[in-house]
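Engineer: Structure provided below as structure tokens; questions to follow.
The values are calculated or read from the model by the stated rules, or taken from the named source; none is laboratory data. Small disclaimer: the values here were computed from a predicted structure and weren't measured. Please note: Cβ atoms are built from the backbone with ideal geometry, for glycine as well, and neighbour counts cover all protein chains shown.
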Amino acid sequence: MIYTTKYFKQIAENNLRTFSNTIEKAILNENKTQNEWSNFTGDEFDIFLSHSYLDKKIIYGIYLELTKLGYSVYIDWLKDPELNRTKVTSETADKIRERLFQSRCLFYATTTNSKRSSWMPWELGFMDGNNQKVAILPMTENHETEFLRMEYLELYPYIEKQTISGSTEQKLWVCESEKRYTTFDRWVTGKPLTNH
């Protein structure tokens with residue numbers, strides 16, 4: 001299943017209804033203190049989520065989805081809300097570089113806004129050069145079955161969520177095509193994608 005932006009927005013909206021207005025403002029309006037609802041407890045992450053800040057509600061939905069699947073996820077405005085994303089500065093770059101080193105892989109969240117991000121191509125290039133663990137998290141606006149990868153994004157595998165055959169358990173899969181893939185858990189530990 002290719003994710004949709006609508007799916008993640010719905011997850012975020014459903015979850016935000018359970019929080020107070022203060023927490024919602026912190027999530028969506030970037031409070032400058034550590035958000036009290038964040039479940040970050042350490043400085044190692046399964047996934048660094050590269051994204052456009054313009055998609056913060058969608059990104060919050062992705063965060064909820066991935067943490068529900070059991071993964072620790074780095075999002076700059078949740079873990080390091082003091083960072084200035086409006087300008088590229090050496091201080092912000094140093095902190096992002098540190099967080100990339102602390103992450104096992106990078107998911108590149110593609111939306112219409114991701115093309116306008118100054119940070120996303122830099123994060124992707126840095127992680128690719130560091131450990132080559134980069135995957136595209138494609139999102140379509142609706143339930144189209146295909147997504148278009150622009151230019152250099154075609155170099156990387158993409159993420160899908162699928163039910164394991166013969167069960168109701170859902171897993172993340174890393175795919176190059178419909179016939180070449182593996183589970184995220186295998187891929188992130190260095191196992192190759194295999195032909196099926």
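Engineer: On the basis of being modelled with pLDDT of 90 or more, of a type in the set (Asp, Glu), surrounded by 19 or more Cβ atoms within 10 Å (Cβ to Cβ) and farther than 22 Å from Glu13 by Cβ, does Asp46 make the cut? Quick ask: steps written out before the conclusion?
Structural biologist: Working: modelled with pLDDT of 90 or more: yes; of a type in the set (Asp, Glu): yes; surrounded by 19 or more Cβ atoms within 10 Å (Cβ to Cβ): yes; farther than 22 Å from Glu13 by Cβ: yes.
Against the criterion (modelled with pLDDT of 90 or more, of a type in the set (Asp, Glu), surrounded by 19 or more Cβ atoms within 10 Å (Cβ to Cβ) and farther than 22 Å from Glu13 by Cβ), Asp46 qualifies.
Engineer: Can you give me the ranges of the helices (runs of 4 or more DSSP H) entirely in region 38-121 with at least 1 residues that are without any contact (Cβ under 8 Å) to a residue 24 or more places away in the chain and farther than 25 Å from Trp187 by Cα? Show your work before the answer.
Structural biologist: Values: elements: 56-68, 76-79, 90-101.
Passing ranges, in order: 90-101.
Engineer: Take Ser103 and tell me if it is modelled with pLDDT under 90 and within 21 Å of Lys79 (Cβ to Cβ). Explain how you work it out, then say what you get.
Structural biologist: Working: modelled with pLDDT under 90: no; within 21 Å of Lys79 (Cβ to Cβ): yes.
Against the criterion (modelled with pLDDT under 90 and within 21 Å of Lys79 (Cβ to Cβ)), Ser103 does not qualify.
Engineer: Can you report the number of residues in region 150-161 which are more than 17 Å from the chain's Cα centre (by Cα) and either over 19 Å from His51 (Cβ atoms) or surrounded by 11 or more Cβ atoms within 10 Å (Cβ to Cβ) (or both)? Full working, then the answer.
Structural biologist: Applying the first criterion (more than 17 Å from the chain's Cα centre (by Cα)) to region 150-161 yields 150-152, 154-155.
Pick out the ones that are also either over 19 Å from His51 (Cβ atoms) or surrounded by 11 or more Cβ atoms within 10 Å (Cβ to Cβ) (or both) and you get 152, 154-155.
Residues meeting the conditions: 3.
Engineer: Only one of (1) in contact with a Phe, Trp or Tyr (Cβ under 7 Å, 6 or more places away or on another chain); (2) surrounded by fewer than 20 Cβ atoms within 10 Å (Cβ to Cβ) is not met by Val73, so which one is it?
Structural biologist: Against the list (1) in contact with a Phe, Trp or Tyr (Cβ under 7 Å, 6 or more places away or on another chain); (2) surrounded by fewer than 20 Cβ atoms within 10 Å (Cβ to Cβ), Val73 comes up short only on (2).
Engineer: Quick check: anything in region 113-132 within 16 Å of Ile2 (Cβ to Cβ), at pLDDT 90 or above and buried (at least 21 other Cβ atoms within 10 Å of the Cβ)?
Structural biologist: Step one: filter region 113-132 for residues within 16 Å of Ile2 (Cβ to Cβ), giving 114.
If we keep only those that are at pLDDT 90 or above too, we end up with none.
No, because not a single residue in region 113-132 is within 16 Å of Ile2 (Cβ to Cβ), at pLDDT 90 or above and buried (at least 21 other Cβ atoms within 10 Å of the Cβ).
Engineer: Return the residues of region 70-124 that are over 16 Å from the mean Cα position of the chain (by Cα), under 16 Å from Tyr53 (Cα atoms) and among the β-branched types (Val, Ile, Thr); say none if nothing qualifies.
Structural biologist: The answer is Thr86, Val88, Thr92.
Engineer: Considering region 171-196 alone, what residues qualify as being of a type in the set (A, V, I, L, M, F, W, C), in a strand (DSSP E or B) and either surrounded by fewer than 16 Cβ atoms within 10 Å (Cβ to Cβ) or in contact (Cβ under 8 Å) with a residue 60 or more places away in the chain (or both)? Walk me through it before giving the result.
Structural biologist: From region 171-196, those of a type in the set (A, V, I, L, M, F, W, C) are 172-175, 184, 187-188, 193; that's our starting set.
Filter again for in a strand (DSSP E or B), leaving 172-175.
Selection gives Leu172 alone.
Engineer: Go through region 84-112 and report how many residues are crowded, with 17+ Cβ neighbours inside 10 Å and over 22 Å from Asp43 (Cβ atoms).
Structural biologist: Adding up the residues that qualify gives 2.
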